[in-house]
Amino acid sequence: MWHYIARRIVYAIPIAIGVTVFCFALVFLAPGNPVQMLLPADASQEVVDLIMKTYGFDRPLPVQYWTWLTRAVVGDLGVSIQSNRPVIDEVLRALANTVFLSFGAVMLAFSIAFVLGTLAAYYRGTATDRGVTALSIVGVSIPNYWLGIVLVIIFAVELNWLPATGMGPRGSETFNIFNWDHFKHVILPIITLCMVPVGMITRTTRSAVSEVLGNEFVNTLRAKGLGELAVIRHALKNAMPQILAVMGLQFGYLMGGSILVETIFNWPGTGFLLNKAILTRDIPVLQGTILVLALVFVFTNLVIDLFQTAVDPRIKRS
């Protein structure tokens, strides 16, 4: 097992390097000059050149990339052009908020989808199966940003039950999950984010459990007099590795794909930070956030692989 973990980490190194090359090149292919956001329109060329030299933008791109990469290896992602704070501090603070939001959405989605998918598989071909399948298709098809706006209109504007933006009462800089004044700010974002995972995990659960229930050993269990609940429990245990794999992929998707949702709800996560960095051309923040999210996705896949092994010993990792 330890050999497998070490091998996966080694495999992740070229992936991370490829991500750094891609995000570095893509950022500089975008139009505009990042220092223009810091200077007035009538700034002299001397001032522009001085700022460019200060941030290292006057050097050739390969030199800039190598300097940035060698610093990133030791955790130095540079300094934000807009806030003049270390990028790593801003990214880690935003990452913690996004992890909380994404984890809550995935766990809610898993709880709902696990039940719906199991029911659809057990009652395969019935109205229950068709209804659950239709709901999963709706969940996958609804744009999350549109759903977020609708939820804000209904529950924040019309009913005034839940807050529309932020992660706590006005002036709060921390989030306390055990405080209702804080917790209610996360309800709408989590519901919005969980819809697509609900659809994906439901379809996967239905397919995996249905396949297992069609195996010969299930008929053998029933022939030996095992109750239906015990049969379903055995089927779920055999289908769990496939369900966990999709669950992990959905978590990684939410970590990097929540830009619009976090922007709508003004949730200070990595998506909100990326959106702000794109609008202000804050290149250090943009590069650092993309790199950290890519590494989180690789780490998530490794953790899910290990969970699969723990759930189903037939999967050998060596």
Original post:
Is there any pair with a first residue in segment 67-86 that is farther than 18 Å from ILE15 by Cβ and a second that is part of a helix (DSSP H, G or I) and among the acidic types (Asp, Glu) whose Cβ atoms are under 8 Å apart and which are 6 or more apart or on different chains, and what are they?
Top reply: SER80/GLU90; SER83/GLU90
**OP:** Look through segment 265-291, keep the residues that are over 28 Å from TRP146 (Cβ atoms) and of a type in the set (A, V, I, L, M, F, W, C), and return whichever of them is nearest to the chain's Cα centre (by Cα).
**Re:** LEU291
**OP:** Considering only residues that are within 27 Å of MET255 (Cβ to Cβ) and over 26 Å from the mean Cα position of the chain (by Cα), look in segment 65-83 and name the one that is modelled with the lowest pLDDT.
**Re:** TYR65
Original post:
Counting just the residues of segment 116-145 that are in contact (Cβ under 8 Å) with a residue 40 or more places away in the chain and part of a loop (DSSP other than H, G, I, E, B), which one comes out farthest from THR204 (Cα to Cα)?
Top reply: ILE142
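From ARG233, ARG281, which residue is basic (Lys, Arg), closer than 30 Å to VAL73 by Cβ, surrounded by fewer than 23 Cβ atoms within 10 Å (Cβ to Cβ) and out of contact with any strand residue (DSSP E or B) (no Cβ under 8 Å at 6 or more places or on another chain)?
Values: ARG233 fails: closer than 30 Å to VAL73 by Cβ.
It is ARG281.
Being surrounded by fewer than 14 Cβ atoms within 10 Å (Cβ to Cβ) and part of a helix (DSSP H, G or I) narrows it down to one of ILE153, ILE88, ILE112, so name that one.
Details: ILE88 fails: surrounded by fewer than 14 Cβ atoms within 10 Å (Cβ to Cβ); ILE112 fails: surrounded by fewer than 14 Cβ atoms within 10 Å (Cβ to Cβ).
Only one candidate passes the filter, namely ILE153.
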Original post:
Does THR220 count as hydroxyl-bearing (Ser, Thr, Tyr) and touching a residue at least 60 places away in the same chain (Cβ under 8 Å)?
Top reply: no
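Listed residues ARG233, ARG222, ARG281; which is charged (D, E, K, R) and touching a Gly at 6+ places or on another chain (Cβ under 8 Å)? Talk me through it step by step, then tell me what you get.
Working: ARG233 fails: touching a Gly at 6+ places or on another chain (Cβ under 8 Å); ARG222 fails: touching a Gly at 6+ places or on another chain (Cβ under 8 Å).
Answer to the check: ARG281.
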Original post:
Which members of segment 125-139 meet the condition of being surrounded by fewer than 13 Cβ atoms within 10 Å (Cβ to Cβ) and among the small types (Gly, Ala, Ser)?
Top reply: GLY125, ALA127, ALA134
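May I ask you to verify whether THR98 is loosely packed, with under 15 Cβ neighbours inside 10 Å, in a helix (DSSP H, G or I) and in contact with a Gly (Cβ under 8 Å, 6 or more places away or on another chain)?
On the way: loosely packed, with under 15 Cβ neighbours inside 10 Å: no; in a helix (DSSP H, G or I): yes; in contact with a Gly (Cβ under 8 Å, 6 or more places away or on another chain): yes.
Judged against the criteria, THR98 is not a match.
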**OP:** Filter segment 84-111 for residues that are of a type in the set (S, T, N, Q), within 15 Å of LEU273 (Cα to Cα) and within 23 Å of the chain's Cα centre (by Cα) and give the result.
**Re:** ASN97, THR98
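The values are calculated or read from the model by the stated rules, or taken from the named source; none is laboratory data. Treat the numbers as computed from the prediction; the structure is a model and nothing was measured. Here Cβ is always computed from backbone atoms with ideal geometry, including for glycine, and neighbour counts include all displayed protein chains.
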